[in-house]
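The next block holds one structure in the form of structure tokens; read it before the comments.
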Amino acid sequence: MQRCPSVTPSPVKVDTVQQRWMEWLYELERSASSSDPLQSLIYRLVGHRRKKVLAVMARRSGFTISAIVDHLGLSKATVRRCSSLYEAGGLDALLGRKERPRKADDEAFRAALYGLLHEPPSLSGYNRTTWKMIDLKNTLVTRGFTASDDVIREALRKTGFRWRSAKVVLTSTDPEYRQKLQRVQDILSRLDENELFFSIDEFGPFAVKAKPGKILAAPGVSPSVPQWQKSKGWLIATAALELSHNRVTHFYSQAKNTTEMIRMAETLLSEYSTARALYLSWDAASWHLSKQLLAFVEKNNVRTDGFPRIELVPLPASAQFLNVIESVFSGMARAIIHNSDYSSVDAAKLAIDRYFEERNRYYADNPKPAGNKIWGKERTEAAFNPANNCKDPAYR
């Protein structure tokens, strides 16, 4: 029987390659001051990174891939990849480390976390009024998101949330939170072109006087606001944000009551008279769902003169963070209320009128639904999203 020839390298050939490799390394040591960036770098690297540089240099010196594999203990694929990376992008590509995506920056994880914070813990089976870290972590696991305590804390830090805020702002106490939230989301998901959804609330009352705020001050100047000062008057701005076109309708009120809500409904009926239906969404304040208001809505909906039908879409109790217009109010406060000192109530109204006029003009020229563009200094996207925190206590 004929025997196959052996493919094992001869001892003489192995010794030759070994001797050449040793001479090559010796020559590298002798010329350590070379201007070659690779050669000057190998003496500052250790471990696997040093082997990658040596692999590239060895290939440039004519060594076969098999010889490099034998002497450096790398795989053939690694040697080929090192050469390709260096040829394509130099040292940065060869030695650069890929930035691993951080779990705390994952949008799906963050949305799940913030949506969970907005729910009372009792909906997840915990007999508590506020969330604990272990409860958050365990609930996220049941929803398909595994995360450590540190990852959850990092995600909270990056949005400015703190545990103290969760007790006051982030948690709704409404036992029907999910049902009411689902109703709003269902309406928004099937909204026709001739149906409009409005987020409505009141800004104020606030006194017209010198207001504190950040200011660009000259060296040695410490801006201050008198603790005791005479008010020049006060005002309440009642406003509605139409989500499809990002348009604000507003007027000034003397009180927060049902009469002003009916006035807003009448204003919207007149302004959007060609629409088929108007959905009015506001928080759970008593004057937003009074018998008088419900009677007005019922009377409007039986009219046959072509006016739009009105449907009320109340938000869950203690869920101001879901009221989209709160985001617009926070941006307005940062822009024209904080650090202001208007001479009169009329001057303050003029500034507010101009702010909303410029905002409406911008979105008329650049049509975008609420949420696709943040206007001015609005704290968060003006979009209905259970992961949003539209109400900013620092600017209300």
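Nothing in this text is a laboratory measurement; each read-out follows from the coordinates by a stated rule. Just so we're clear, the structure is a prediction, and the values are computed from it rather than from any experiment. Here Cβ is always computed from backbone atoms with ideal geometry, including for glycine, and neighbour counts include all displayed protein chains.
Residues whose amide H falls under 5 Å from that of TRP234, counting only those 5 or more places apart or on a different chain, are VAL208, with hydrogens built in the peptide plane. Residue exposure proxy: HIS288, HIS338, HIS48, ordered by other Cβ atoms within 10 angstrom of their Cβ from fewest to most, comes out as HIS48, HIS338, HIS288. Less than 15 Å apart at the alpha-carbon level, and either on another chain or at least 8 residues along: which aspartates and glutamates does that give for LYS103? In chain and number order, the partners are ASP149, ASP150, GLU154.
Per-residue Karplus couplings for the range 329-340, computed as 6.51 cos²θ - 1.76 cosθ + 1.60 with θ equal to phi - 60°, are listed in order as 4, 5, x, 5, 4, 5, 7, 10, 9, 5, 6, 9 Hz, Gly and Pro entered as x. The local environment of ASP341, defined by Cβ-Cβ distances under 12 Å, has a net charge of +3 under the rule Lys, Arg +1 and Asp, Glu -1. By the beta-carbon count within 10 Å of each Cβ, the least crowded to most crowded order of LEU196, LEU140, fewest first, is LEU140, LEU196.
Within the set LYS230/LYS349; LYS214/LYS256; LYS158/LYS211; LYS256/LYS349; LYS256/LYS291, which residue pairs have Cα atoms separated by over 21 Å? Write out the running numbers ahead of the final one.
Values: LYS230/LYS349 18 Å; LYS214/LYS256 30 Å; LYS158/LYS211 28 Å; LYS256/LYS349 17 Å; LYS256/LYS291 16 Å.
The answer is LYS214/LYS256; LYS158/LYS211.
Residue by residue, what Karplus-based ³J(HN,Hα) values in Hz, rounded to whole numbers, does the range 354-368 have, using 6.51, -1.76 and 1.60 with θ = phi - 60° and x for Gly and Pro? With the stated coefficients, the range 354-368 comes to 5, 4, 5, 5, 5, 5, 5, 5, 4, 6, 5, 7, 10, x, 8 Hz.
By the beta-carbon count within 10 Å of each Cβ, the least crowded to most crowded order of ILE352, ILE134, fewest first, is ILE134, ILE352.
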